[in-house]
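Q: Dropping the structure in here first, questions after.
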There are 4 protein chains.
Amino acid sequence: MSLNSFGHLLRFTTWGESHGSAIGAVVDGCPPGLALSEADIQPFLDKRRPGQNKFTTQRQEPDEVRILSGVYEGRTTGTPISLFIENIDQRSKDYSDVAAKYRPGHADYAYDAKYGLRDPRGGGRSSARETASRVAAGAVARKIIPGVTITAYLVNIGGIAIDRSRFDLAEINRNPFWCPDAVTAGLWAEHLDAARKSGSSLGAIVECVATGVPAGWGSPLYHKLDAQLASAAMSINAVKAVEIGDGFAVAALRGEENADRMRPGADGNPEFLSNHAGGIAGGISTGQPIVLRMALKPTSSILTPVETITRDGEAAEIVTKGRHDPCVGIRAAPVLEAMVALVLADAMLLHRGQTGR
Amino acid sequence: MSLNSFGHLLRFTTWGESHGSAIGAVVDGCPPGLALSEADIQPFLDKRRPGQNKFTTQRQEPDEVRILSGVYEGRTTGTPISLFIENIDQRSKDYSDVAAKYRPGHADYAYDAKYGLRDPRGGGRSSARETASRVAAGAVARKIIPGVTITAYLVNIGGIAIDRSRFDLAEINRNPFWCPDAVTAGLWAEHLDAARKSGSSLGAIVECVATGVPAGWGSPLYHKLDAQLASAAMSINAVKAVEIGDGFAVAALRGEENADRMRPGADGNPEFLSNHAGGIAGGISTGQPIVLRMALKPTSSILTPVETITRDGEAAEIVTKGRHDPCVGIRAAPVLEAMVALVLADAMLLHRGQTGR
Amino acid sequence: MSLNSFGHLLRFTTWGESHGSAIGAVVDGCPPGLALSEADIQPFLDKRRPGQNKFTTQRQEPDEVRILSGVYEGRTTGTPISLFIENIDQRSKDYSDVAAKYRPGHADYAYDAKYGLRDPRGGGRSSARETASRVAAGAVARKIIPGVTITAYLVNIGGIAIDRSRFDLAEINRNPFWCPDAVTAGLWAEHLDAARKSGSSLGAIVECVATGVPAGWGSPLYHKLDAQLASAAMSINAVKAVEIGDGFAVAALRGEENADRMRPGADGNPEFLSNHAGGIAGGISTGQPIVLRMALKPTSSILTPVETITRDGEAAEIVTKGRHDPCVGIRAAPVLEAMVALVLADAMLLHRGQTGR
Amino acid sequence: MSLNSFGHLLRFTTWGESHGSAIGAVVDGCPPGLALSEADIQPFLDKRRPGQNKFTTQRQEPDEVRILSGVYEGRTTGTPISLFIENIDQRSKDYSDVAAKYRPGHADYAYDAKYGLRDPRGGGRSSARETASRVAAGAVARKIIPGVTITAYLVNIGGIAIDRSRFDLAEINRNPFWCPDAVTAGLWAEHLDAARKSGSSLGAIVECVATGVPAGWGSPLYHKLDAQLASAAMSINAVKAVEIGDGFAVAALRGEENADRMRPGADGNPEFLSNHAGGIAGGISTGQPIVLRMALKPTSSILTPVETITRDGEAAEIVTKGRHDPCVGIRAAPVLEAMVALVLADAMLLHRGQTGR
């Protein structure tokens, strides 16, 4: 019951703090015989890498991953895969202000309340820096489910939603926001740039679609595929909401609108006439695309001075300087992809173990 | 890794199908020495009990719980608590239609895809009947955290939201909808009655607030309190979305709006000036009320004939007769309370084990 | 992390006390589609059933098992299987003596030290009565691995070991001791009868052999097949020692004696020239028979008055009257078989999940 | 359910192969606020370190541990502690012989049967090199239970047992065998040296005593303290048997001999008149010293040519050259201490969580 682990048959454990010497993940349960090298992982880390444009933190981390175990002559051996990423750009900054005062919106106060002490350097363990480990682990997971394609993109920044009529997946690699709507990407650029310059930050909504998942994955009742996805998404820094398929909109639907009708499909599988369910029924995949969305709050590190208290309970004011993402939602897209890959690969292995299929 | 179990130090396992002879839960890890009898559990089951008015299914189940183990002379002994509820009102109905065809919106097709067979009687294991076991387990959990008050109520049925300016918790026991707004309760009655009469169903949003949770509960990073709550809520039948605090609305907030400022409180604890976070930061409770919402889809069992396929892949049409809740969200309120109690009691025990506090 | 659960993909949870109204097990993870009825389970319970001769306790329990869930029309559905056994012969005995004083050799003092209270009726949860639940669960496990044959028998009672030159498996059903050596069975009968009449009790060693296990089951490093078996055996009441293959005797072997040589076998699989390893290497099955032994202490309930203390810490003396097995090792044989079946079935499912084989 | 993890509230995961670039452990669940540095861990690694005399392998590994996370300003923070040990003395040896043939007594065949491939360099993951990670993790565990003293020593090498009348714990640091009997240590030196020179190896029995464990630790029924210890010991390379207290000798005891009588103790706690139980009853500690023993087979790597088969199933002969411990039992003593520390620290945290004590 490592509380820094996730998954069942495919289970990964992450370790490391924002300004420690390194971070990493141990991925256990990867099937043997898969081709795996650093080159399979690096591209995903590169997508999440900071410092690539003005819309993400200026911390410079190459995020070069090393595989320390579990691979022999280019193939996984079935033993734990240790993934190792050095922290390069730790600043010898003075953290005494953060150490002494609680930054509103951050986990500072909660960590102190829980542990009685905390590592204040860049948020320590609660920093989104940890998500690099997830992305590395997620790249391993993808190798387990080669038939599944997982794509995350932003559909809302700062309250500005994309226009679904302009939705084009090909756009997401053409702008710094993984935005599938070129026009909205332009609006976001302006809006976010203004927020950044004023020392503020914006929230976001990330959507993720997984295609190629066969019907039958997921383990009801308490490890339903949607419950696993919700838990996975909610474990990402700054996430406050998760929905599957139509999500909150189902509240306004009638039964006959919501139920996804079926008819015989050309390929022998059922053809669904709609996907309100987002590809999951009863906690089990239906064979339709899995669709989920998560909302991320605006970065809590802002330049506006805010009222707070010190560790000693005294009134104080704090300004969070330093290098921060003005919208954490952007770099969360590859993280969500990784978490979805980890959930799905685990579900595949479980399904195979449980049923032999 | 029982996939029908939930929790860590407080861990419960449920078993049973809608039309089997009984259902139940085994609650393991309850601390010793707590006063516990059936009378502590029954009131919560009574809240969830079907057949109490025209807005819930007409199946008549007394849902009388028996404690079969783990209690001696009125006190918990620290050993597993077996909770047992007989199924009384199983109809000797003909299930051949449901057995042969997949009901759209239900888990029928997914279960068959996963397991190769299924119990068609009333949905078998995928029926919301199972949630009675959760409610019983939740009543045990409440005994572990006597200082915590957990209240769930509906804030939206069929797209009609409550008016927050009329919010009055005292109202929730005065109408059949756990609605904190008497006016909206009236609207819902009309709307739902019309839907019911037309053989349709409506979706809903349930909100839950837990007060009295001290700062420090929750286990980052992969068993964050919010991730646990999201997983717990999403595991409830028909739930498609979960949010904590401001939830999806955070996407439209700016950093300075979202961060909950603090000042020294009268009681020595920090006083927060807002609660956008919904009582959780970094996956750990902050001492503020914990606030979450979940959306439930409209009941998939409707009288409208819908297009579907048979088990053999042939085109077919199905009408779901039988006894059903026209809005599953209503009876989900006590279920959500139970799940929140189970998550919080577990978090308390974990926190105590981890830190000695 | 239910501490009353065991296993991974096949995971069972037991509940119940010696003199509660019932005991039972929930078996989760059983693959779907297996033929299963009470008739598959009852014969194994009958082997463990008390009161069958003068060498076991005179408590009369029919141990009739009911399957309450997880089976539909004679086939497992993949959902939790709830197994239920009523306690019939609970005596309305006066337990005040056991409640007030600690019986040496029993768990009374330890339970009080842990929990602050205990159910004194027949030992409560610490009674071997619980093992009926294991035997029922084990019968389910056997259905998962039909090619595996598991046989346990006694090789030592009260220090009298069998003579391996007379070893004949066919004998084990011809005497009340599951003894594979008819001559030794006679000696045990005399020895145990004398001990019983004098109010004493004897220890025992049980051996178990599993054939038909293919090479490759088991999960190194911390869930090695032998580690799982050791944990399973040691969890049985009164067990104080476990060994695999040559066990403690390996200390006196030289490397060239111990290493099991291989040569090409007629069936294409390797043929091993010896089985010092007991069928497990590196925590993984080798395809040879799996051989383990466990030692059980003499029943702690004896008629000799023994020095002890009261709950209040006062000096006292206690005589344990009541119905007891003079040698708990005898009825432990079917329990060990069940535990081995549960470990192996779990290992099979895990292996299938991990590797697809 | 990482299968390379062990423990519940204190849970560690190890990774790494014998000839990979590094090995390590992630220790999760360590309480916050404990003083911890590399200097607390290194002495235990030094005890296990190879190459210190002619009775252990000549591989030269400094085994310098680095703490990569979970500690800030010399104190644990409650977050995962990543322990990292570089492999220095990997030989650029030719492993083609080991890759092509199965070494009898080793895990080669079993790993191939399970995974379809294996890392042949020095045994890969199945090498005892991994136990350095356990020793490092165990040193962290000791910080959690400062009142507990854990000492392991050898009581038998090659069939030569110590003479208990000469037992002197102070001796164990005065000879290379952790032998508490100086005379026997001399005999072992001769015997082992002869075995080593002839290219053979010897088995051993290691005993471990833990004092200072209060009554009440351990979680019945399936995570009993003795079951956890048995699993922990059996997970160590080459271990084939485990016993607690009198162990296998209980088979020859009578009930009145075996039951440990109690009387009021001077300190208010019960005083036990004997310790046949080895400090555990009903799976829970009794407050007496915990005593366990494990047997290790002789090293399978020997210079005698032995009959075997190739990966292709052809008859072959193999001689295991290279650097090996002639008696793996010696260096297993600090490993057993570490595993016992990890089990006990976990049991303490669980007990605290479960009961608040």
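Q: Put a label point 7 Å from Cα along the Cβ direction on C:Ser37, then list its distances to the equivalent points in the other copies in nm, shortest first.
A: Here C:Ser37 shows inter-copy label distances of 4.2, 6.0, 7.2 nm.
Q: Using a 10 Å cut-off on Cβ to Cβ distances, tally the other chain neighbours for every residue of D:17-24 and report the average as a whole number. Could the numbers behind the result be given before it?
A: Details: counts 9, 0, 1, 8, 6, 5, 3, 8.
Other-chain Cβ atoms within 10 Å of each residue's Cβ, averaged: 5.
Q: Give me Rg/Rg_expected for region D:80-143, where Rg uses Cα atoms only and Rg_expected = 2.2 N^0.38 Å with N residues.
A: For region D:80-143, the normalised Cα radius of gyration is 1.38.
Q: Additional query: Taking the Cα atoms of region C:1-56, what is the range of coordinates along each of the three principal axes, in descending order and whole Å?
A: In descending order, the Cα extents are 40, 29, 20 Å.
Q: Which value in nm describes the separation of the simple spin-label points at C:Ala182 and C:Glu257, placed 7 Å from the Cα toward the beta carbon?
A: In this crude label model, C:Ala182 to C:Glu257 measures out at 3.4 nm.
Q: Would you mind giving the mean number of other chain beta-carbons within 10 Å of the Cβ of each residue in A:343-352, as a whole number?
A: Average neighbour count from other chains, rounded to a whole number: 3.
Q: Report, as a whole number in µm² per second, the diffusion coefficient that Stokes-Einstein gives for the protein assembly as shown at 37 °C and 0.692 mPa s using the Kirkwood radius over alpha carbon pairs.
A: 101 µm²/s
Q: Classify region B:185-228 from the C-alpha gyration tensor, please: rounded if a/c falls under 1.5, else prolate or oblate depending on whether a/b exceeds b/c.
A: Note, shape of region B:185-228 comes out oblate.
Q: Would you mind checking the tilt of helix A:182-197 against the longest principal axis of the Cα atoms of chain A, expressed as 0 to 90 degrees and rounded to 10?
A: So the inclination is approximately 20 degrees.
Q: Residue by residue through C:126-132, how many Cβ atoms from other chains fall within 10 Å of the Cβ on average?
A: Across the residues of C:126-132, the mean count of other-chain Cβ atoms within 10 Å is 2.
Q: With label points built 7 Å along Cα→Cβ from the Cα atoms of D:Thr304 and A:Ile88, find their separation and express it in nm.
A: Output for this residue pair reads 5.6 nm.
Q: May I ask for the angle, rounded to the nearest 10°, between helix A:225-234 and the longest principal axis of chain A, with both axes built from Cα atoms and the value confined to 0 to 90°?
A: Approximately 10 degrees, to the nearest 10.
Q: Based on a Kirkwood Rh over C-alpha pairs, give the Stokes-Einstein translational diffusion coefficient of region C:203-341 at 25 °C and viscosity 0.890 mPa s in µm²/s.
A: 141 µm²/s
Q: Which value, in Å³ per residue, describes the convex hull spanned by the Cα atoms of region A:1-140?
A: Taking the convex hull of the Cα positions in region A:1-140, it is 118 Å³ per residue.
Q: I'd like to compare C:340-353, D:103-116: which one has the highest average count of other Cβ atoms within 10 Å, and what's the full order after that?
A: C:340-353, D:103-116
Q: Within a Cβ distance under 12 Å of C:Gly78, other residues only, what is the Lys/Arg minus Asp/Glu net charge?
A: Cβ neighbours under 12 Å give a net charge of +1.
Q: Could I have the simple spin-label model distance between C:Asn275 and D:Arg166, label points 7 Å from Cα toward Cβ, reported in nm to one decimal?
A: Modelled inter-label distance: 4.0 nm.
Q: A further question follows. Over the residues of region C:268-357, compute the C-alpha Rg and express it relative to 2.2 N^0.38 Å.
A: Values: Rg = 21.7 Å, N = 90, 2.2 N^0.38 = 12.2 Å.
With N residues counted in region C:268-357, Rg over 2.2 N^0.38 Å equals 1.78.
Q: Across region D:225-302, what fraction of all alpha-carbon pairs, as a whole percent, falls in each successive 10 Å bin from zero upward?
A: All Cα pairs considered, the percentages come to 17, 41, 27, 11, 3, 1.
Q: Same structure, new question: Taking a point 7 Å out from Cα toward Cβ as the label site, list the nm distances between C:Lys197 and the same residue in every other copy, smallest first.
A: For C:Lys197, the other copies' label points sit at 6.0, 8.7, 10.5 nm, shortest first.
Q: Oh, and also: Let me test this: with uniform point scatterers at the alpha carbons of region A:130-236, what is the Debye-based log₁₀ I(q)/I(0) at q = 0.11, 0.17 1/Å?
A: At q = 0.11, 0.17 Å⁻¹ the computed log10 ratios are -0.46, -0.99.
Q: Run the label-point distances for B:Thr310 please: 7 Å along Cα to Cβ, every other copy, nanometres, shortest first.
A: Relative to the other copies, B:Thr310 has label-point distances of 5.8, 7.7, 7.9 nm.
Q: Output needed: percent of Cα pairs per 10 Å distance bin for region B:45-85, bins running from 0 to the one holding the longest distance.
A: Calculated P(r), rounded to whole percents: 27, 34, 23, 15, 1.
Q: Leaving ligands and nucleic acids out of the surface, order A:Arg11, C:Arg142 by accessible area at 1.4 Å, largest first.
A: Descending order: C:Arg142, A:Arg11.
Q: Can you give the net charge of the other residues whose Cβ lies under 10 Å from the Cβ of A:Ile150, counting K and R as +1 and D and E as -1?
A: 0
Q: Let me ask you something else. Please compute, over every Cα-Cα pair in region D:5-355, the percentage with a separation greater than 33 angstrom.
A: Tail of P(r) above 33 Å: 31 percent of Cα pairs.
Q: Looking down the axis that turns B into D, which residue of B has the closest beta carbon, and how many Å out?
A: Per the Cβ-to-axis criterion, the result reads B:Gly353, 1.
The values are calculated or read from the model by the stated rules, or taken from the named source; none is laboratory data. Everything quoted here is computed from the prediction, not taken from an experiment. Please note: Cβ atoms are built from the backbone with ideal geometry, for glycine as well, and neighbour counts cover all protein chains shown. Heads up: the accessible areas ignore ligands, DNA and RNA and are worked out on the full protein's heavy atoms, side chains in. Shrake-Rupley method; radii C 1.70, N 1.55, O 1.52, S 1.80 Å.
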